[in-house]
Amino acid sequence: MKAISIILFLLFNSACFAQVKGQYYELPELKKVEGTWIGSSDGSDSLIFEIKSSKEFLKGVDVYMDILIGRYLYFKNNVLIDSNSIRGNIKSDSNIILAFVFAENVKQKLGDLNLELSSLQSKEARWILKNREGVYLLREDGRNLDGSMHHNDFSVPTKIVLKKN
């Protein structure tokens, strides 16, 4: 995990100082969390989360870096309620936290998704979805400024245990 911290440190410092354009910052640790993760909070709903690592070009700093691409599918009574692709990376090296910017289609909102693992080899993870922090400007009727409905909750589970398939 120290290698990840060092790579991230070098990546961000290279953006500020002399950098080698087109350099590739490989994170082989990400391959260890790839796979299909499945969870259910009761008998009527299920969440499937597929994770793959991908090499992506970062504009502005002109480097390539491995990131995580996740795709979630949420079913209630065997009916697909919501699905989307999201991006993320490793957030912490004390506990393994895979951090994603969560984008929900049903309620048209963003969230912060953390997938917490005890190690990179773990077969179990905690899915923790929270509202994004910040200031929300709402109209008097409680709607967003563009007239859309403001939602404090999500249509997908906010806490669930996933097992690697």
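The values are calculated or read from the model by the stated rules, or taken from the named source; none is laboratory data. In this text the structure is predicted, and so the values were computed from the model without any measurement. All Cβ positions, glycine included, derive from the backbone under ideal geometry; neighbour counts span all protein chains shown. Please note that ligands, DNA and RNA were not included when accessible areas were found on the heavy atoms of the full protein model with its side chains. Shrake-Rupley method; radii C 1.70, N 1.55, O 1.52, S 1.80 Å.
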Just one listed residue, out of 139, 132, is of a type in the set (Lys, Arg) and free of Cβ contacts under 8 Å to residues at least 12 places away in the same chain, and it is 139
- Message: Given the condition of a type in the set (D, E, K, R), in contact (Cβ under 8 Å) with a residue 60 or more places away in the chain and in a strand (DSSP E or B), answer yes or no: does some residue in segment 36-45 qualify?
- Response: yes
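Could you list, in sequence order, the residues of segment 55-102 that are among the small types (Gly, Ala, Ser) and more than 19 Å from residue 125 (Cβ to Cβ)?
Hit for segment 55-102 is 60, nothing else.
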Scanning segment 77-127 residue by residue, those outside any strand (DSSP E or B), touching a helix residue (DSSP H, G or I) at 6+ places or on another chain (Cβ under 8 Å) and of a type outside the set (S, T, N, Q) turn out to be 93, 120
Within segment 111-126, the residues that are open to solvent by 90 Å² or more (accessible area, probe 1.4 Å) and within 14 Å of the chain's Cα centre (by Cα) are 126
Checked segment 67-89 for anything buried (at least 20 other Cβ atoms within 10 Å of the Cβ), in contact with an Asp or Glu (Cβ under 7 Å, 6 or more places away or on another chain) and at pLDDT below 95; matches are none
Going through (1) open to solvent by 80 Å² or more (accessible area, probe 1.4 Å); (2) of a type in the set (A, V, I, L, M); (3) touching a Leu at 6+ places or on another chain (Cβ under 6 Å) one by one, residue 129 fails only at (1)
Taking segment 41-51 and keeping residues surrounded by 15 or more Cβ atoms within 10 Å (Cβ to Cβ) and under 10 Å from residue 76 (Cα atoms) leaves 45, 46, 47
